[in-house]
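Notes follow once the structure below has been shown.
The values are calculated or read from the model by the stated rules, or taken from the named source; none is laboratory data. Because the structure is a prediction, the values reported are computed rather than measured. Every residue, glycine as well, gets a Cβ built from its backbone with ideal geometry; the counts of neighbours run over all protein chains shown. Surface accessibility is based on the protein's heavy atoms, side chains included, excluding ligands, DNA and RNA. Shrake-Rupley method; radii C 1.70, N 1.55, O 1.52, S 1.80 Å.
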Amino acid sequence: MSGTAVRSRSGRRAGRDGFAHVLHAEWTKLRTVRGWVAGIVAAGLMVVLFALLTGVSSDQKGAPPVPVGPGGEPVADSFYFVHRPLTGNGSITVSVAALDSSVPRGPGDLRPGTVPWAKAGLVIKESTRQGSPYAAIMATGGHGVRMQDGYVNDHAGPAGRVSAGSPRWLRLDRSGDTVTGYASTDGTRWIGVGTAQVRGLGSTVQGGLFVASPPVVQGGGTATSVSTAAFGDLRTRGGWAGGDWTGGQVGARSPTFAGYPENVSGSFTGAGAASAGSGAAFTVTGAGDMAPAVRDSLPTGGVLRDILAGTFAALIAVVVVGARFITEEYRRKMIRLTLAASPRRSRVLVAKALVLWAATFVAGSVGTALAIPLGERLARGHGVYVFPVSSSTELRVALGTAALLATAAVLALAVGAVLRHGAGAVTAVVVAMVLPYVLIAVPFTPAGLSKGVAAVTPGAAFAVQQTLVPYAQVAANYTPYYGYFPLPPWAGFAVLAGYAVAGLAVAAVLIDRRDA
Amino acid sequence: MRRALHAEWTKMRTVAGPLWLMLGAVAATVALGAGAASVAHCTAGGCGGDTTKLALMGVYLGQAPVAVLAVLSISGEYGTGMIRTSLAAVPRRATVLAAKALTLTGVVAAGGAFAVLGSVLAGRLILPGAGDRALSLSHGPTLRAVVGTVLYLVLIGLLSLGAATAVRDSAAGIGVVLGLLYVLPIVSRTVGDPHWQRLLQKTAPMSAGLAVQATTDLGSLPLSPWAGLGVTAGWAAAALLTGGLLLRVRDA
């Protein structure tokens, strides 16, 4: 009994001292085995070296510049525009009675198809320069009437498809920098769809009809499309210039424009007095989109994830170190000495995990802190457009990648403690984390399999490297192959952390129960 | 040589690990192939790509246990010190390595045949109609894919054996092998220059070797199916040669 009393009195202090000792002992082991230090340092170096390789190996000098929107983001700004200058305030009204899209089924085999985000409507734009500010109201192929501005803003209006029996009337009102969009199903009763403050519009703008038709998602890739709209009842009020309506493709040569299907081009025909401006009817054919760029529409764009491709090589290095950090003890029977010195066995495991995590995290952070700016500089120097990221996102990618490496090493430690076998532990963790990305990188992998493996395996943690943003108003392949992960960054990391913690718990139970 | 071979076969036969690893390789190959086939969007026209390749996709996973088996067949001996006994019994070190390589070839070829035929069978059951023609062994390209995939697994085993002989430690050995197999294809995708990208795809042991699985659209491949397998064979030969030389010159 008295023994219990003594332990409870001094137990806490002794325990804390004890843990500090265990930590110190494990740190000494880690830093004095040359192979382990080399492995951790090599991991950091590989992150940097692969970033340099990715930067140097790219060459896009002389490619047309990527259009950039008012917020600094890359945009697609290509569409067929039938326009006239508008000085000062004014409004424009039109009816859309048909919006028909075609998608090629094979080379030169154009068939009627559905393009949910085909757009036909009115736009007021600072100029025909790509990336200039605008506000537009449009009928779409499958999302009803929308009011969009600044490339990223999107407001829903009346739903339903347009047809000859059910046309939509659209109106844009410009008053200074304020543009208001209205829609109507009968041409008399109007409802407001949205109001946009378009900064930098200037006094004279270009306004008129437009048709855009973005590529459609097809079998893991995309196919170009083309759409034709029938406009009628075109009326203008206010400071519109007289003369003919001018038609032309905006952004015909742009990296974010996939072009027209084979043997098709944009055009417009005006029925009746094209110059009258009131009550005129037009048929306009166009392709392209007015929207933020995604990986599908800007495949040549660089992302941080590509620059950090060395993470996979680094991962293998730290996993080998993590597994050997415990399995070598078993192989050399050192574990008996370790456990004799610290009989509370799970504390040894926790100390090993902490020391390993911290050392790997530091090496990984140094690696990513050097790799990201160097890789970006080199890539930009070789003419690559790198998708812009905020500095907080960049920090998340850098620290998240380091945490990913550190946690993977701890997972390998846990698996190594369970299996007591280096090769088995390394294989298990590498297969669980790297193989998903080998499968994702195979172009014919079904999208369902890609999303599944990127959500449930510990490899889900690579979501911390996602910098691309999916947009509801852009149809695209939002799959891991294109850099869009099914889980948000920290949720993906939590999956890996969950595996590591669960692995450590199992290992702690087993190390207590089994003979060393 | 016969006695060395007999000794290696006895080692392989009497330890539980190799059997479990080969069973794991078969199970992993069939399971991943079946999983991929079951989530594929298939129409009467096909599955949006190469059906044979889809059914044999499990090899990406199944090669890992094969590599472990090969690595352990030599580094396991280094781990326990058994290698000294082996080399004392058969002082001609090249003979030891050759015996190991031959034993491994037999075991992996047998296991690989089960794995690949199982995958084809699973593919036929899961993809009725669409898979019929593409997954028939009487279809020339499919037969080539099947035979080639078994050979590919054997070559991955030999490559792993050579690398592990050079590295000696099992964890580091398997790390090197999995790095060669898995990391090169991922890196080649991020390389911007198409010329470099093609070169990496042509020379990486996995992406080159698995060209042997292609049955459609052969013109778009960076290199022809058998030439691809030849590249993997080159890697295996280089690894065995390096391992063999180091085994000769180093102390055990």
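Quarter the surface of the alpha carbon convex hull of the range B:165-241 and you get the mean projected area, 5.6 square nanometres.
Calculate the tail of P(r) for the range A:120-192: the fraction of all Cα-Cα distances greater than 14 Å, expressed in %. Can you show the working numbers first?
Numbers: 1531 of 2628 pairs.
The answer is 58 percent, as a whole percent.
Positive end of the dipole of the range A:46-186 (Cβ unit charges, origin at the Cα centre): among A:Pro116, A:Val103, A:Gly131, the Cα lying farthest that way belongs to A:Val103. About its Cα centre, the protein assembly as shown has a charge dipole of approximately 3120 debye under the convention of +1 per Lys or Arg Cβ and -1 per Asp or Glu Cβ, with nothing else charged.
Note on the range B:2-249: dipole from Cβ charges, positive end direction compared against B:Gln63, B:Tyr78, B:Gly112; the farthest Cα belongs to B:Tyr78. P(r) tail for the range A:75-292: Cα pairs beyond 30 Å make up 14% of the total. Residues of the range A:319-349 that bury at least 30 Å² of accessible area once all protein chains are present, compared with their chain alone (1.4 Å probe, heavy atoms only, ligands and nucleic acids left out), are A:Val320, A:Arg324, A:Arg331. Protein-only accessible surface at a 1.4 angstrom probe places the residues A:Ser175, A:Ser365, A:Ser267, B:Ser138 in the order B:Ser138, A:Ser175, A:Ser267, A:Ser365, largest first.
Any idea what the relative contact order of chain A is, in percent, if you count C-alpha pairs under 8 Å spaced at least 6 apart?
19 percent
Ordering A:Arg84, B:Arg3 by accessible surface, largest first, gives B:Arg3, A:Arg84; the 1.4 Å probe counts only protein heavy atoms, with every chain in place.
With the simple spin-label model, which puts each label point 7 Å out from Cα in the Cβ direction, the A:Leu337 to B:Arg13 separation comes to 4.1 nm. Across the cross-link table entries A:Lys451/B:Lys53; A:Lys29/A:Lys333; B:Lys53/B:Lys202, which are compared at the Cα atoms, there are no separations over 23 Å. A quarter of the convex hull surface defined by the alpha-carbon atoms of the protein assembly as shown gives 40.3 nm² as the mean projection. Scaling the Cα radius of gyration of the range A:61-166 by the globular reference 2.2 N^0.38 Å produces a ratio of 1.22. Taking the three principal axes of the alpha carbon atoms in chain B, the coordinate ranges are 62, 42, 27 Å, sorted in descending order. In this rough spin-label picture, where each label sits 7 Å from Cα along the Cβ direction, the A:Ala252-A:Ala20 distance is 7.6 nm. Interface residues of the range A:413-429, defined as a loss of at least 40 Å² in heavy-atom accessible area between the chain alone and the complex of all protein chains with a 1.4 Å probe, are A:Ala423, A:Thr427. Take the Cα of B:Ala94, go 7 Å toward its beta carbon, and the backbone nitrogen atoms of the range B:135-168 under 20 Å from that spot belong to B:158-159, B:161-167.
Once R0 is set to 51 Å, what does the formula 1/(1 + (r/R0)^6) return for the Cβ-Cβ distance between A:Asn263 and A:Ser391, expressed as a FRET efficiency to the nearest 0.05? Mind dumping the intermediate values first?
Working: r = 47 Å, r/R0 = 0.92.
It comes out at approximately 0.65.
Measuring max minus min along each principal axis, the C-alpha atoms of the range A:210-325 give extents of 82, 33, 21 Å (largest first). To the nearest 10, the accessible area of A:Asp296 is 30 Å² with a 1.4 Å probe.
Ordering A:Ala417, A:Leu298, A:Val41 by the projection of their Cα atoms onto the charge dipole of chain A, which places +1 on the Cβ of Lys and Arg and -1 on the Cβ of Asp and Glu, puts A:Ala417 at the extreme positive end. In the protein assembly as shown, helical runs assigned H by DSSP with n ≥ 4 each contribute -39500 (n - 2.57); averaged across all residues and rounded to the nearest 500, the mean residue ellipticity at 222 nm is -17500 deg cm²/dmol.
Using mean Cβ contacts within 10 Å as the protection proxy, how do A:108-114, A:206-212, B:141-147, A:411-417 order, highest first? Please list the in-between numbers first.
Details: A:108-114: 12.0, A:206-212: 26.7, B:141-147: 19.4, A:411-417: 29.7.
Ranked by mean Cβ neighbours within 10 Å, highest first: A:411-417, A:206-212, B:141-147, A:108-114.
May I ask you to give the solvent-accessible area per residue for the range B:95-158, in square angstrom, as obtained with a 1.4 angstrom probe? Intermediate values should be presented prior to the final figure.
Values: 2350 Å² over 64 residues.
Accessible area per residue: 37 Å².
The label point for A:Arg199 and the one for B:Ala109, both projected 7 Å from the Cα toward the Cβ, are 7.2 nm apart. Once Rh is set to the Kirkwood radius over Cα pairs, what Stokes-Einstein translational diffusion coefficient, in µm²/s, holds for the range A:372-422 at a temperature of 25 °C and a viscosity of 0.890 mPa s? Answer from the Stokes-Einstein relation: 182 µm²/s. Cross-link partners of A:Lys352 among aspartates and glutamates, defined as those whose alpha carbon lies under 18 angstrom from its own and excluding same-chain residues fewer than eight positions apart: A:Asp17, A:Glu26, A:Glu328, A:Glu329, A:Asp512.
Nearest 100 Å² is fine: how much accessible area is buried between A and B, summed over both sides, with a 1.4 Å probe? If you can, show how the numbers build up before the last one.
Numbers: alone 21990 and 11930 Å², together 30930 Å².
Adding both sides of the contact gives about 3000 Å².
Taking Cα centre as origin and charging only the Cβ of basic (Lys, Arg, +1) and acidic (Asp, Glu, -1) residues, the dipole magnitude of the range B:2-249 rounds to 740 debye.
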